[in-house]
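Down below is the structure, laid out as structure tokens.
The values are calculated or read from the model by the stated rules, or taken from the named source; none is laboratory data. The structure displayed is predicted, hence computed values, not measured ones. FYI the Cβ positions are ideal-geometry reconstructions off the backbone, even for glycines, and counts take in every protein chain you see.
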Ligand SMILES: [Zn+2]
């Protein structure tokens, strides 16, 4: 019998633009998850004011701490529109559907503005992207999130995008589990809720059968 040589396939799929974001939780997905209970009757949106958006961007390490505090109030609306487009596209990809043109147009609008501002620079002995100018304003940071989404949706990691099994939740995540079986955004949250619901449904069925 011939000897089979088994080679490990290394995932070399890197975005052409390294944003320095966490590989397991790209900015665009974390951004999409800034609404709790998105598909429930009482969703809670973290972004009520432009300052909420600024604070979130800063805590994620996207917005520079010394960023100018002057920002066009329209950026809140722009951020929310971008977030909804990212969610709609991610949700479609997770369900193996094609996204709507309107959502792609919304993302494109943001991607194109970000690309215009992107620059190359010399860093030590290498040529690198210089995104520092983007990190100084909310508008620039929204551009970086759009690039994060463009990078994710066009890479092989797109096949790993999932939407939480708790329909009301609507959070998106990457299923990086070995057997591709992750169902919940968070086992201790939506996972337990589903377990509890199954338990009560079973108890109800047992009670119904006993009467
Ligand atoms: Zn969830």
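Quick notes
- Cross-chain or 6+ apart pairs with Cβ under 9 Å, the stretch 179-196 first and under 20 Å from residue 90 (Cβ atoms), then part of a helix (DSSP H, G or I) and near the ligand (Cβ under 10 Å from one of its atoms): 183/190; 183/191; 183/194; 184/190; 184/191; 184/193; 184/194; 185/191
- Counted residues, the stretch 154-168 - those being surrounded by 16 or more Cβ atoms within 10 Å (Cβ to Cβ) and within 16 Å of the ligand (Cβ to nearest atom): 5
- Against the criterion of being assigned to a helix (DSSP H, G or I), within 10 Å of the ligand (Cβ to nearest atom) and surrounded by 15 or more Cβ atoms within 10 Å (Cβ to Cβ), residue 151 does not qualify.
- Condition check for residue 65: surrounded by fewer than 11 Cβ atoms within 10 Å (Cβ to Cβ) and modelled with pLDDT under 95: yes
- Of the residues making up the stretch 157-168, at least one is part of a loop (DSSP other than H, G, I, E, B) and in contact with a helix residue (DSSP H, G or I) (Cβ under 6 Å, 6 or more places away or on another chain).
- When residues of the stretch 25-36 are limited to those that are touching a strand residue (DSSP E or B) at 6+ places or on another chain (Cβ under 6 Å) and farther than 12 Å from residue 84 by Cβ, the one modelled with the highest pLDDT: 29
- Within the stretch 169-207, the residues that satisfy the criterion of being within 15 Å of the ligand (Cβ to nearest atom) and part of a helix (DSSP H, G or I) are 187, 188, 189, 190, 191, 192, 193, 194, 195, 196, 197.
- Inter-residue pairs, beta-carbon under 8 Å, first in contact (Cβ under 8 Å) with a residue 60 or more places away in the chain and over 15 Å from residue 30 (Cβ atoms) and in the stretch 159-172, second in a loop (DSSP other than H, G, I, E, B) and more than 7 Å from the ligand (Cβ to nearest atom), 6+ apart: 167/39; 168/37; 168/38; 168/39; 168/40
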